[in-house]
Amino acid sequence: MANPSQTTSTEDFLDGTRGLAVGLGIITMTLFPLALPLLALTAVALVPLVLIPLAGGLLALPFLLLRRAFRKVRASAHMTSPAGEVDVLARGV
């Protein structure tokens, strides 16, 4: 059996929840037309902030790759002498 005070409490809770849901829905539908242009303007304003570092990174990438390749070649050339022996200076001894 359901307790009468519990039933009333549940009905009050559901009534309050419905009222809150309706109020939030009205506020959301009222503000949504303002939110969509704001999101679009924010995205347009952020495009230069994303493209400039991206372009800089793409321009720097070939130079960074060349520098890494030259360092690798230079490191392998210093590690061995022409006879194939390990160089004492390269080992840090």
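The values are calculated or read from the model by the stated rules, or taken from the named source; none is laboratory data. Predicted model, so just to flag it, every value in this text is computed and none were measured. We place every Cβ from the backbone using ideal geometry, glycine too, and count neighbours over all the protein chains shown.
Is it the case that the stretch 65-81 has a residue that's not basic (Lys, Arg) and not in a helix (DSSP H, G or I)? Yes, some residue in the stretch 65-81 is not basic (Lys, Arg) and not in a helix (DSSP H, G or I).
Of the candidates 66, 38, the single residue that is over 17 Å from the mean Cα position of the chain (by Cα) and at pLDDT 90 or above is 66.
Would you confirm whether any residue within the stretch 69-87 is of a type in the set (A, V, I, L, M), surrounded by 10 or more Cβ atoms within 10 Å (Cβ to Cβ), at pLDDT 90 or above and under 37 Å from the mean Cα position of the chain (by Cα)? Taking every residue of the stretch 69-87 in turn, at least one turns out to be of a type in the set (A, V, I, L, M), surrounded by 10 or more Cβ atoms within 10 Å (Cβ to Cβ), at pLDDT 90 or above and under 37 Å from the mean Cα position of the chain (by Cα). Of the numbered criteria (1) surrounded by 10 or more Cβ atoms within 10 Å (Cβ to Cβ); (2) β-branched (Val, Ile, Thr); (3) at pLDDT below 80, the one residue 26 fails is (3).
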